[in-house]
Structures are given as C-alpha cells and as structure tokens.
Amino acid sequence: MRIAVFDVSHWHFPLYIPALTDPGVTVVGVSDREGFAGPGMASRLGCPLVSRDELLDLDFDFALILSRHSDMAETAQFVIAKGRPFLIEKPCGINPGEVEALRRAAEQAGVFVTVPFILRVSDLARELSQSGTLSPGGYKHISFRFIVGASSRYAKNGCNWMLSKQEAGGGSVLNVGVHFFDLLEVLTQSPITSVTARTQTFRKDIDVDELALYTVTMASGQVAHVHTGYLYPDTPDDQREFSFSVAHNDSYIQGFADQIVVKSSDGSKRQAMVEYNTDAFYPPFLRDALARCRDGRPPLVGLEAALHGISVVQAGYRSAEQGGVPVTVETQ
C-alpha cells in the first residue's frame with residue numbers, strides 16, 4: 001500500500017513509523033509546512049519531501065493528514081476530492097462546523113476516513129469494561145486525570161502553532177481530553193450531552209488552556225470527570241501523569257503508574273500491570289485502519305466521533321467563559 005503523509009512535523013508522526021515500515025507498506029512522499037522534521041523523516045523513510053500540492057499529485061493509496069488544526073480540514077477536502085482514503089489526526093478541524101463539512105463530503109464521496117482515538121485499541125479499554133463484562137448502564141462514576149508535559153514542549157518540537165487558539169482551536173482538553181470523552185461514550189454506550197468546565201492558562205504569551213477540569217453528563221444521566229493539563233515536568237522516560245478511578249455496580253477499578261486494581265463487589269481483589277503509555281497504541285491503530293480499508297470494512301472510529309468530541313470541548317469552553325455553568329453539547 002502506497003502512503004502519502006501530510007505534515008510530518010506533527011509530534012505524533014514518529015509513533016506511526018513502525019506501521020509505515022511494515023512489509024507491503026511504502027511511503028511515497030511526505031510534506032512539511034513547518035519546515036522542521038521533514039528532511040530527516042524523508043531521509044529515514046527513503047522518500048521525497050515535497051509541497052502539499054506536489055504530494056496531492058503523487059499516486060498513493062492512503063494518506064495520513066497530520067497538519068495544523070487550522071489547515072487539516074482543507075487538506076482533507078483535497079484528499080477527498082482525489083477519492084483517496086485517509087487517517088486524519090483529531091480534532092480534524094478548527095471547529096465543529098469544519099468537521100461536519102468534512103464528514104458530509106467524505107460520506108457523499110464514499111471515502112474511508114478514520115480518526116485515531118487510540119484508546120479504542122488499548123488494554124486499558126478492555127480492563128475498564130472487564131473485556132465487555134461490565135454493563136454500560138452500571139457505571140456510577142468515572143474519573144480520568146491525564147497531565148502531559150509543559151506547553152513549552154511544542155515550540156521545542158516545531159509545533160509552536162499548538163499554543164495559538166487561532167491555529168490549534170484549543171489547548172490541553174482538545175489535544176488529549178477528546179480521547180477520554182470518546183472512551184466514556186464507548187464504556188457507557190451513551191453520548192455526552194452536558195458539560196460544566198473550568199480552564200486556566202498560566203503563561204501570559206499563549207491563549208490555550210494549560211489546565212482543564214470538565215464534568216460531563218451523559219444522556220443516561222451518568223456523570224464523569226476529565227482533567228487534563230500541560231503541567232507535568234516530563235523527561236524522555238516519564239512523560240505524563242495518567243490516573244483514573246471507576247465505580248461500577250460490579251467493581252471498583254483504580255489505576256496509576258502502569259498498575260490497575262480491580263475490587264469486585266464480592267470483595268475479591270485483583271492487581272495487574274497495564275500499558276499506560278498511550279504512544280504504544282498508534283501503530284496498532286494504523287495497522288487496523290489499513291486492514292479495514294483494504295478489506296472494504298468501515299473504520300473503527302470515523303468522523304462522527306471526532307465531530308462529537310470537538311463539540312464536547314467547545315461546550316466546555318463556553319461553560320468556562322460563563323464561570324462554569326452547565327452548557328448543552330450542540331449537535332450538528
């Protein structure tokens with residue numbers, strides 16, 4: 001399968017490389033608007049570094065779109081017009097309107113599009129549902145806390161645009177929180193319909209949230225918390241804080257530092273190690289997407305999930321602007 005990669009300076013791109021170097025997969029070209037990682041990645045993959053327009057003119061079977069959030073919807077529209085399937089990083093656009101327009105265009109063209117909500121293929125998701133044995137309606141409360149490295153890391157990695165709301169659309173909750181909104185809806189089988197939120201920005205030279213505290217209510221009435229931030233003093237071997245707790249009718253589940261503890265309602269207790277490094281889930285997600293595309297099967301995660309995720313984020317931003325009042329999630 002011949003792959004085109006749009007904008008390889010995205011910090012997630014290196015995570016996809018193991019899948020892009022599988023037998024039968026060839027990267028035919030890459031682009032790099034940021035002018036940061038492009039030459040090195042092109043050399044590493046043995047392919048040309050070209051402009052976006054030149055890349056669109058190449059013959060490819062599948063694309064990865066990792067552009068600035070303010071650019072990605074436009075790039076995706078060009079790929080749809082070419083009739084090629086693709087994976088597009090979240091949030092897929094700068095606002096819900098862009099993502100909905102993209103969803104409609106892909107649907108009308110019959111183009112395969114997937115969005116890497118990578119927790120769908122994680123060991124964590126299996127543990128939190130106990131391999132599907134916990135009933136969706138039995139979750140009484142779920143709380144996720146995901147604090148990643150400081151906002152300064154984006155400038156160091158050639159992605160300074162992530163610190164501009166005009167270019168990125170939002171901060172920590174848009175960047176990492178959407179994964180947990182998606183996971184909540186998978187576990188409860190119920191959409192998020194209302195949000196109460198507070199956000200904070202600590203640096204004076206940026207306008208995206210460095211801390212976000214979201215309380216979300218599902219259509220079922222279930223309530224959950226998602227806390228995100230750009231606050232962790234990360235190092236190469238220790239990049240984030242990730243913890244959670246889940247109260248279910250049948251179990252209480254807690255997790256921190258690669259460990260998970262499951263205490264059943266009958267008092268029995270089980271402790272195990274679980275992969276918390278979310279970076280590890282990008283290659284299997286891409287491999288699954290390529291297999292589904294080859295086989296003519298629908299994507300594991302499509303643009304509908306991305307649209308709902310960014311709608312939840314925007315509802316929270318409106319809530320925070322009003323001092324944390326409940327705000328209904330708008331549907332397109």
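The values are calculated or read from the model by the stated rules, or taken from the named source; none is laboratory data. Remember, it's a predicted structure, so these values are computed and weren't measured experimentally. Counting neighbours? That spans all protein chains shown, and the Cβs are built from the backbone with ideal geometry, glycine included.
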(request) Would you please name the residue that is surrounded by the most Cβ atoms within 10 Å (Cβ to Cβ), looking only at residues in the stretch 9-24 that are in contact with a Leu (Cβ under 7 Å, 6 or more places away or on another chain) and in a loop (DSSP other than H, G, I, E, B)? (result) HIS10
(request) Working only within the stretch 264-322, note down all residues that are among the acidic types (Asp, Glu), at pLDDT 95 or above and closer than 21 Å to ASP123 by Cα. (result) ASP288
(message) Looking at the stretch 157-176 only, could you name the residues that are of a type in the set (S, T, N, Q) and touching an Asp or Glu at 6+ places or on another chain (Cβ under 9 Å)?
(response) ASN160, SER164, GLN166, SER172
(request) State all residues of the stretch 230-264 that are of a type in the set (A, V, I, L, M), in a strand (DSSP E or B) and more than 20 Å from MET162 (Cβ to Cβ); if no residue qualifies, say none. (result) VAL246, ALA247, ILE253, ILE260, VAL261, VAL262
(request) Test PRO233 against the stated conditions and say whether it is at negative phi, over 23 Å from the mean Cα position of the chain (by Cα) and not basic (Lys, Arg). (result) no
(message) Please verify whether ASP182 is more than 30 Å from GLY137 (Cβ to Cβ) and modelled with pLDDT of 95 or more, treating the condition exactly as stated.
(response) no
(request) Those residues that are surrounded by fewer than 16 Cβ atoms within 10 Å (Cβ to Cβ), under 16 Å from ARG145 (Cβ atoms) and either touching a His at 6+ places or on another chain (Cβ under 6 Å) or among the β-branched types (Val, Ile, Thr) (or both), I need them from the stretch 233-260; list them, please. (result) ALA247
(message) Just the residues that are part of a loop (DSSP other than H, G, I, E, B) and within 20 Å of the chain's Cα centre (by Cα), please, taken from the stretch 193-229.
(response) VAL208, ASP209, GLU210
(request) Look through PHE202, PHE242 and report the one residue that is at pLDDT below 95 and not hydroxyl-bearing (Ser, Thr, Tyr). (result) PHE242
(request) All but one of (1) touching a strand residue (DSSP E or B) at 6+ places or on another chain (Cβ under 9 Å); (2) crowded, with 24+ Cβ neighbours inside 10 Å hold for ARG145, so report the exception by its number. (result) (2)
(message) crowded, with 21+ Cβ neighbours inside 10 Å, touching a helix residue (DSSP H, G or I) at 6+ places or on another chain (Cβ under 7 Å) and not in a loop (DSSP other than H, G, I, E, B): is that true of GLY29 in this structure?
(response) yes
(message) Cβ-Cβ distance below 7 Å, separation of 6 or more or different chains: which pairs start in the stretch 307-332 with a residue that is surrounded by 16 or more Cβ atoms within 10 Å (Cβ to Cβ) and assigned to a loop (DSSP other than H, G, I, E, B) and end on one that is at pLDDT 95 or above and hydroxyl-bearing (Ser, Thr, Tyr)?
(response) GLY324/THR196; VAL329/THR193; VAL329/SER194; VAL329/SER311
(request) Could you please give the count of residues in the stretch 175-211 that are over 30 Å from GLN130 (Cβ atoms), of a type outside the set (Ser, Thr, Tyr) and buried (at least 22 other Cβ atoms within 10 Å of the Cβ)? (result) 2
